[in-house]
Amino acid sequence: MFVLEVFISGLLSGVMYSLVALGFVLIFKASGVFNFAQGAMVLLAALTFVRFIEMGIPLWLAAIMTFGVMIVLAIFIERFLLRPLVNQPLITLFMLTIGLNYFLEGLAQAVWDAEVHGLDIGIEDVPWVGLEQATGLLISMFDVISALIAMGLVIILSIVFNKTKVGRALRAVSNDHQAAMSVGIPLNRIWVIVWAMSGLVALVAGALWGTRLGVQFSLSIVALKALPVLILGGFNSIMGAIVAGLIIGASEKLGEVFLGPYVGGGIESFFPYVLAMMVLFWRPQGLFGDVIIERV
Amino acid sequence: MTKRKLFLTALAIGMMTAAVTETALAQDKKSDPNKEQFIPVLVYRTGPFAAGGTGIPGGMMDYFELLNQRDGGINGIKLVWEECDTAYKTDRGVECYERLKKNGAKGIPFIHPMSTGVAYALLERATKDKIPVVQIGYGRTDSSDGRVFPYSFPLLTNYWSQNSAKIRYMAQILGGEDKLKGVKIVNLHLKHPYGEETKPMLDAMAKRFGFEVTHIPVPWPGIDQKSLWLQIRQIKPDFVINRNWGVSCTVPLREAARIGFPRDRIIGVWWCGAEEDVIPAGKAAKGYITAAFHSVGTDSPVIQDMFEHVYGKMKGNVSASRVGSVFYNRGVVWGIISTEAIRLAQKKFGVGPVSGEQMQWAFENLELDAARIKELGAEGLVPEIKVSCFDHEGGGRVRFQQWDGKKWNMITDWIPSYAKMVRKMIEESAAKYAKDKGITPRNCAA
């Protein structure tokens, strides 16, 4: 029973990692760039959200207003950062996101503050009593609801990417900027859409993680938890992010509980990376990533 | 001349004019360095530990400001200071020290490193420079042995004293030291030198009192501790020691609530005992207990003076809403200890700015008794302290506070550490350091 409990709590943790990983995947799918600033976007979204709530704005309206801020940010990023760098090497765009990360971290704390804020979105973080009585398993209601929210987000994003015109355009842009533009796909608008969607994911991740940890700078560190998920699942697969999140979550918890005591404990922070590296030897593109075929 | 050239010329002239004006104004404002005491203030205004990195220096600078505004400084010597942001990084802390150490008429009188990592990094440098490294409530524990560490001052209470007092408090809860036998304690600590520092002390105490201690390391940053708390649930401990920092202090409270572990059986280190640690945990934090070496709230006359003389004149260094909070009051305590030592140095060496070497003497001879603390308006806020060449801690007593869901309440009086046991371990560790570094300990009796 204990093993099962560790396994399930790992899966639920993994869903929370997937939620952050999704933001990375979206940007990567649309531009082929690893967005180093995703953690900072989570921080900015959560801080904006909590400060709006502290001003007395209702939760739902604060969420909409924060999404509005993230859309404005997306427009700013496209207009002033990405547009001047169209067709530049990907490493240039990656370096740009490193700069953006530090800019957003500083901006978020300068505009709002660097203090710790409590966030209550109305979901109790207590054991699910019915499940405990029936099975003896202690699972938090908060984790279950978070997992459902993450699943819902994945389904919506999958539909957007696979079944809509915008999704096809996103995939085309991802393959080749110039070719996409030559067939009339508005690159600028696509980039705004994808950064705004990434901002929405950051808001959901920030709200859920912020409820657990408090809204504070450490939210930007949450991104560290998403990296092994991306390596394992592949940088351009939404499904990969969710499956890899589950694998990483479950394996790190099982590893910490059952292997940790033999090596002094505290292996949770690096165990997922070891696992991800092992998968890289077997599938360099990750479990669900696209195989890259270069023709000469 | 083109428009562009014209614009650039005008811009250059404007900038030169501004620079000249500023220099002239600065000359006007320049005061006599022999009438000022310069103090370096290390801060970290952003990043994961910003709550402590602003609150503590804020309280300390406010106390300096209070002395300036209310008393005209210390014996007429105004306190002036400069902030340096370390971002809680050791290399930047060392850089700040090097940049500021020669400021003031006689160099800096001391430094508060604001991090155990920076304290360790500065130990040898500062000893060479003859500048006291003051660590109140943190830092290198074995440097309490002043014979080996003449310029290190882990004042009031070091980590080992704190942990031994925690065990004494647990014994009080259980109904006596004999009741500790067979008790299970989990030491949930950051996997970091700061987190590991108390393990030898707890192991020694476990041996002495017959309790069982399990050390569970929390990998940085400690934002997800589910697996650790599932292990704790298996162990079924009587107490959990929460020895973390920043966000990793908050997470255990939520995890404990999830498995139904009573919060009043979690005893935190004082670095996990601020409002910022419990408010994000919401209801899950209610009942949580931590160690403390000073009181909280705005009741003390010295804190009341802050409102009148500092915030009333718009001279505060943090938001007024933080006055009386744990980190803020801790900063005020640091300010009181530091300035009382300056006062003592002035008494011995004459009124004026004092040097690091003079302050080393002052810290080593510092004594704050109940009468002086009352005179300072800090009754209950600051514990009594008596430092010596032999003992650079000078206190060792701890209080405990409990979160009631809205505020911290003191629930014990001062509880002493197991001083003899702590001292023995300190001397052993310091002797080893002295041997490794080829240091001949001072003879304090001489």
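What follows draws every value from the coordinates through simple rules; no lab data is involved. Bear in mind the structure is a predicted one, so any value in this text is a computation, not a measurement. In this analysis, Cβ positions are derived from the backbone assuming ideal geometry, glycine residues included, and neighbour counts consider all displayed protein chains.
Candidates B:ALA105, B:GLY137, B:GLY53 compared by Cα position along the dipole of region B:53-147: farthest toward the positive end lies B:ALA105, with charges placed on Cβ. Between B:ILE216, B:ILE77, B:ILE13, the Gaussian network model of chain B with springs among Cα atoms under 10 angstrom shows the greatest mean-square fluctuation at B:ILE13.
Dipole check for region A:158-294: with +1 at the C-beta of Lys and Arg, -1 at the C-beta of Asp and Glu, and the Cα centre as origin, the magnitude is about 480 Debye. Around the Cα centre of the protein assembly as shown, unit charges on the Cβ atoms of Lys, Arg, Asp and Glu (plus for the first two, minus for the last two) sum to a dipole of about 1000 debye. Rounded to the nearest 5, what % of the DSSP beta bridges within the protein assembly as shown are antiparallel ones? Expressed as a percentage, antiparallel bridges in the protein assembly as shown total about 35.
Any idea what angle helix A:271-282 forms with the longest principal axis of chain A, computed on alpha-carbon atoms, 0 to 90 degrees, nearest 10? Approximately 50 degrees, to the nearest ten. Oblate is the label for the protein assembly as shown, because a/c, from the alpha-carbon gyration tensor with a ≥ b ≥ c as root eigenvalues, is 1.5 or above and a/b does not exceed b/c. Just check region B:342-435 against the gyration tensor rule for me: Cα atoms, a ≥ b ≥ c as the square roots of the eigenvalues, rounded for a/c under 1.5, and otherwise prolate or oblate depending on whether a/b exceeds b/c. Here region B:342-435 falls in the oblate category. Using only Cα coordinates, the Kirkwood hydrodynamic radius of region A:19-221 works out to 17.9 Å. Less than 5 angstrom separates the built amide H of B:VAL43 from those of B:CYS84, B:ASP85, B:THR86, all sequence-distant by 5 or more or on a different chain. Maximal additional length on extending the B:ASP32-B:ALA370 stretch stands at 118.1 nm, based on 0.36 nm per residue less the C-alpha distance.
Helices meeting the span-like rule in chain B (full DSSP H runs, Cα extent of at least 27 Å along the helix axis, mean Kyte-Doolittle score of 0.0 or higher): B:3-29, B:326-349. Could you estimate the translational diffusion coefficient of region B:160-292 from the Stokes-Einstein equation, with Rh from the Kirkwood formula over C-alpha pairs, at 10 °C and 1.306 mPa s, in whole µm²/s? The estimated diffusion coefficient comes to 109 µm²/s.
Rounded to the nearest 20 debye, the dipole magnitude of region B:97-229 is 280 debye, with +1 charges on Lys and Arg beta carbons, -1 on Asp and Glu beta carbons, and the Cα centre as origin.
Restricting attention to chain A, the count of lysine pairs at 8 or more positions apart or across chains with alpha carbons under 29 Å apart stands at 4.
Using the alpha-carbon centroid of each, what span in Å lies between region B:147-205 and region A:135-153? Taking the Cα centre of each part, region B:147-205 and region A:135-153 sit 38 Å apart.
For B:LYS106, list the lysines whose Cα falls under 23 Å from its own Cα; do not include residues on the same chain fewer than 8 positions away. Filter leaves B:LYS29, B:LYS30, B:LYS35, B:LYS78, B:LYS128, B:LYS130, B:LYS347, B:LYS348.
Would you list which lysines come within 25 Å of B:LYS181, measuring only between C-alpha atoms, while excluding same-chain residues fewer than 8 positions from it? Filter leaves B:LYS166, B:LYS199, B:LYS207, B:LYS236, B:LYS420, B:LYS424. The residues neighbouring B:ASP413, those whose beta-carbon lies less than 10 Å from its own, together hold a net charge of +2 under the Lys/Arg +1, Asp/Glu -1 convention.
Here's the picture: charge each Lys and Arg Cβ at +1 and each Asp and Glu Cβ at -1 in chain A, and of A:ILE53, A:VAL3, A:TRP191 the one pushed furthest to the positive end of that dipole is A:TRP191. Considering only B:SER325, B:MET314, B:MET205, and ranking their Cα positions along the charge dipole of chain B that arises from unit charges at the beta-carbon of Lys, Arg, Asp and Glu, the one farthest toward the positive end is B:MET205. Region B:72-107 and region A:161-225 have their alpha-carbon centroids 45 Å apart.
Tell me, how many Å apart are the Cα centres for region B:376-422 and for region B:258-303? Computed from Cα coordinates, the inter-centre distance equals 16 Å. In chain A, the longest principal axis of the Cα atoms and the axis of helix A:223-233 are about 80 degrees apart. Axis of helix A:38-54 versus longest Cα principal axis of chain A: the two differ by about 70°, to the nearest ten degrees. The aspartates and glutamates within cross-link reach of B:LYS286, meaning a Cα-to-Cα straight distance under 17 Å and a gap of 8 or more places when in the same chain, are A:ASP120, A:GLU124, A:ASP125, B:GLU255, B:ASP264, B:GLU275, B:GLU276, B:ASP277, B:ASP404. Provide the net charge surrounding B:VAL387, with neighbours chosen by a C-beta distance below 10 Å and charges set as Lys +1, Arg +1, Asp -1, Glu -1. Once all neighbours under 10 Å are counted, the net charge is -3.
Helical runs assigned H by DSSP (4 residues or longer) give chain A a calculated mean residue ellipticity at 222 nm of -22500 deg cm²/dmol, each run adding -39500 (n - 2.57) before division by the residue total. Annotation: amide H-H contacts under 5 Å for B:ILE266 (H modelled 1.01 Å from N, sequence separation of 5 or more, or interchain): B:VAL240, B:ILE289.
What the Cβ-Cβ distance of B:ASP178 and A:ILE155 gives, at R0 = 45 Å and to the nearest 0.05, is a FRET efficiency of 0.15.
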